[in-house]
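The structure's right below; bear with me while I get my questions together.
The values are calculated or read from the model by the stated rules, or taken from the named source; none is laboratory data. Since this is a predicted model, take the numbers as computed values, not measurements. Please note: Cβ atoms are built from the backbone with ideal geometry, for glycine as well, and neighbour counts cover all protein chains shown. Calculation scope for accessible area: heavy atoms of the full protein, side chains included, ligands and nucleic acids excluded. Shrake-Rupley method; radii C 1.70, N 1.55, O 1.52, S 1.80 Å.
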Amino acid sequence: GQDNDCDGLADNGLSFTTFYLDADGDSFGDIDDAGTLSCAGPPSAAYVGNQSDCDDGDNTVNPGAIEVTCNGKDDDCT
């Protein structure tokens, strides 16, 4: 966030990546999270580079999970 080269622009020429909150720790980011831009990696271990978790409050529900029949949940987010 600083203008280190005194050209009037902060962080120009850097590559930024969007990271998403992974509140349940299953390696899938919250589909509803707006994301956080960073040029230095994720802001903390609670952030990941994908936004595909349909229920970030339950670590058994994510796109990598196997759909369990008759449990009333969308286990695999499809």
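Could you tell me what percent of the accessible area of the chain is made up of carbon and sulfur, with a 1.4 Å probe and every protein chain present?
In the chain, the share of accessible area belonging to carbon and sulfur is 52 percent.
Working with all protein chains in place, sort 15, 27, 38, 44 by solvent-accessible area computed with a 1.4 Å probe, largest first. Numbers along the way, then the final one.
Numbers: 15 100, 27 75, 38 20, 44 50 Å².
Ranked from most to least accessible, the order is 15, 27, 44, 38.
Still on this structure: Rounded to the nearest 10 Å², what accessible area does residue 18 show when all protein chains are kept and the probe is 1.4 Å?
40
Using a 1.4 angstrom probe on the protein heavy atoms only, could you order 37, 21, 9 from most to least accessible area?
Numbers: 37 120, 21 60, 9 95 Å².
Of 37, 21, 9, the descending order of accessible area is 37, 9, 21.
Subtract the Cα-Cα distance of residue 69 and residue 31 from 0.36 nm times their separation in residues, and report this length gain in nm to one decimal.
Details: separation 38, 0.36 × 38 = 13.68 nm, distance 2.30 nm.
Stretched out fully, the residue 69 to residue 31 stretch lengthens by 11.4 nm.
Sticking with this structure for a sec: With θ set to phi - 60° and the Karplus curve 6.51 cos²θ - 1.76 cosθ + 1.60, what are the ³J(HN,Hα) couplings of segment 17-28 in order, to the nearest whole Hz, using x for Gly and Pro?
Values per residue, Gly and Pro as x: 10, 8, 10, 10, 5, 10, 5, 9, x, 9, 6, 10 Hz.
With a probe of 1.4 Å, find how much accessible area the chain has per residue, and write the answer as a whole number in Å².
Details: 4960 Å² over 78 residues.
That works out to 64 Å² per residue.
Relative contact order for the chain using alpha-carbon pairs under 8 Å, separation at least 6, rounded to a whole percent?
In percent, rounded to a whole number, it is 24.
Relative to the present Cα-Cα distance, how much length would full extension add between residue 15 and residue 76 at 0.36 nm per residue of separation?
Values: separation 61, 0.36 × 61 = 21.96 nm, distance 3.18 nm.
Computed gain between residue 15 and residue 76 is 18.8 nm.
If you don't mind, there's one more thing I want to ask. Each residue of segment 40-54 in turn: what ³J(HN,Hα) in whole Hz from Karplus with 6.51, -1.76, 1.60 and θ = phi - 60°, glycine and Pro shown as x?
Karplus-based 3J(HN,Hα) across segment 40-54 equals 10, x, x, x, 6, 5, 7, 10, 10, x, 10, 10, 10, 8, 7 Hz.
Can you give the accessible area of residue 6 in Å² (nearest 10), computed on protein heavy atoms with a 1.4 Å probe?
120
Turning to a different aspect of this structure: Starting from the 7 Å offset along Cα-to-Cβ, what nm value, one decimal, do you get for the label separation of residue 38 and residue 5?
2.4
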